[in-house]
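Each remark here refers to the structure printed beneath this line.
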Amino acid sequence: MPIDLPGLIDSYGYLAVFVGAFLEGETILALAGLASYRGYLDLYTVVAIALIAGFAGDQFFFFLGRVQGSRILLRFPNALARAQRFDAMLSRWHAPLIVCIRFMYGFRIAGPVLLGMGRVPAWKFLVYNFIGAALWAPLIAGLGYLFGGILEALLHDMKRYEIWGFLAIIALGVAAMFMQRSRKPGTDHDFPRSGK
């Protein structure tokens, strides 16, 4: 039975963008950008949904850290030193760190939790988190859109190859995840990663 890719994207595309961006959604967002290039989704709607969901997700995880941070550290005692180093770095570089945290693989959920456990005021996180989401959403969706244009230029008859393009983006996302998780034991595996 052939995959009805347009039907799947039409039915679940925007929902997938919302859920993916709320959690750790670079791969989903890049796929949505590619789907936008192919005309299955509207790029501006994808960016708007990703911006709102990415912003809301990080706010949720920030306040989770603010309210439950000490309980989280009790559950992962090896993360205490990491949280203290992160807080010290935050005191010097709070604005760029908050804006860029969503671009740091593996910190998309853990980062806002750690920020919530630290000294950053909630209003400051809200402002810089919005700036970060406003940069992240169009950038990642735009990269997927650009990838679609490059594929079409290279392959000319993209309809025959679009499933391979989607699979290539998924494979890159999965490979990045496995490379991150296969690092030496004890380096960064003490704190829960986003996506777990």
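The values are calculated or read from the model by the stated rules, or taken from the named source; none is laboratory data. Because the structure is predicted, anything quoted here is derived from the model rather than measured. Quick reminder, even Gly has a Cβ in these numbers, built from the backbone with ideal geometry, and neighbours come from all protein chains shown. Heavy atoms of the whole protein, side chains included, go into the accessibility calculation; ligands, DNA and RNA do not. Shrake-Rupley method; radii C 1.70, N 1.55, O 1.52, S 1.80 Å.
Take K184 and decide whether it is at pLDDT below 75, exposed (fewer than 10 other Cβ atoms within 10 Å of the Cβ) and under 27 Å from F22 (Cβ atoms).
no
Would you confirm, using the coordinates I've provided, whether F86 is under 18 Å from the mean Cα position of the chain (by Cα), open to solvent by less than 20 Å² (accessible area, probe 1.4 Å) and not hydroxyl-bearing (S, T, Y)? Steps first, answer last, please.
On the way: under 18 Å from the mean Cα position of the chain (by Cα): no; open to solvent by less than 20 Å² (accessible area, probe 1.4 Å): yes; not hydroxyl-bearing (S, T, Y): yes.
Against the criterion (under 18 Å from the mean Cα position of the chain (by Cα), open to solvent by less than 20 Å² (accessible area, probe 1.4 Å) and not hydroxyl-bearing (S, T, Y)), F86 does not qualify.
Condition (residue is over 30 Å from A175 (Cα atoms), of a type outside the set (D, E, K, R), in contact with a helix residue (DSSP H, G or I) (Cβ under 8 Å, 6 or more places away or on another chain) and part of a helix (DSSP H, G or I)) applied to segment 99-114: is it met by at least one residue?
no
Out of the residues in segment 13-42 that are of a type in the set (A, V, I, L, M, F, W, C) and in a loop (DSSP other than H, G, I, E, B), state the one that is nearest to the chain's Cα centre (by Cα).
Selected residue: L23.
For segment 131-152, which residues satisfy the criterion of being within 14 Å of the chain's Cα centre (by Cα) and either among the β-branched types (V, I, T) or closer than 30 Å to A88 by Cα (or both)?
Passing the criteria: G132, A133, A134, L135, W136, A137, L139, I140.
D58 is checked against (1) open to solvent by less than 20 Å² (accessible area, probe 1.4 Å); (2) among the acidic types (D, E); (3) modelled with pLDDT under 80 and fails just one. What number does that condition carry?
Looking at each condition in turn, D58 falls short on (3).
With the requirement that a residue be of a type in the set (S, T, N, Q) and either outside any helix (DSSP H, G or I) or in contact with a Leu (Cβ under 8 Å, 6 or more places away or on another chain) (or both), what does segment 58-96 give you?
Q59, N78
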